[in-house]
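Input: a single structure, listed below in structure tokens.
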Amino acid sequence: MCIFCKIANNEIPSNPVLESEEFLAFHDLNPKAPVHILIIPKQHVDSFSEISGAMMERMTPFIHDVAKHVGIFESGYRLVTNSGENGGQEVKHLHFHLLGGARLKWGHFDDADPKDFF
Ligand code: AMP
């Protein structure tokens, strides 16, 4: 069982923010912004490439609720999901990173030159 399945099953602890029957939001262990929350389906889904449109339709209002719950819905936020190897996905269970609480830089791309990738 993957690490986020264990968190969803309460087999390992997390710092939860909001939960529904189908989804869970908890604080990232290694925050990259004042607010950095991970949002997952409790049922295992490998990555964004695997989520159904029907599940995404249910997940969207949950993500909105999390952003409202932590007070960043109005001020703004960044929603990121890394998918697959080139996307830099480390945990192979779909998760959205919800980042906010400050004016975020477009940091990953500041010093990137597309030529570096060829
Ligand atoms: P990614 O690189 O998109 O797969 O992101 C994985 C994220 O999971 C990283 O931001 C980690 O800090 C975070 N993470 C890994 N293990 C845990 C955990 N047990 N509890 C909370 N966050 C975690």
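Any residue at all in the range 103-111 that's more than 15 Å from the ligand (Cβ to nearest atom), part of a helix (DSSP H, G or I) and either at pLDDT below 95 or surrounded by 17 or more Cβ atoms within 10 Å (Cβ to Cβ) (or both)? Scanning the range 103-111, I find at least one residue that is more than 15 Å from the ligand (Cβ to nearest atom), part of a helix (DSSP H, G or I) and either at pLDDT below 95 or surrounded by 17 or more Cβ atoms within 10 Å (Cβ to Cβ) (or both), so the answer is yes.
Looking only at the range 17-30, which residues are under 20 Å from Met55 (Cβ atoms) and either modelled with pLDDT under 95 or of a type outside the set (A, V, I, L, M) (or both)?
Of everything in the range 17-30, those that are under 20 Å from Met55 (Cβ atoms) and either modelled with pLDDT under 95 or of a type outside the set (A, V, I, L, M) (or both) turn out to be Glu19, Ser20, Glu21, Glu22, Phe23, Phe26.
Candidates Lys32, Lys105: the one that is free of Cβ contacts under 8 Å to residues at least 24 places away in the same chain and over 17 Å from Cys5 (Cβ atoms) is Lys105.
Tell me, which residue of the range 36-65 that is loosely packed, with under 14 Cβ neighbours inside 10 Å and not in a helix (DSSP H, G or I) is nearest to the chain's Cα centre (by Cα)? Per the stated criteria, the residue is Gln43. Beta carbons closer than 6 Å, at least 6 apart along the sequence or on distinct chains, pair a first residue in the range 39-50 that is free of Cβ contacts under 8 Å to residues at least 40 places away in the same chain with a second that is crowded, with 17+ Cβ neighbours inside 10 Å and assigned to a helix (DSSP H, G or I) for Lys42/Ala8.
The values are calculated or read from the model by the stated rules, or taken from the named source; none is laboratory data. All values derive from a computational prediction rather than experimental measurement. We place every Cβ from the backbone using ideal geometry, glycine too, and count neighbours over all the protein chains shown.
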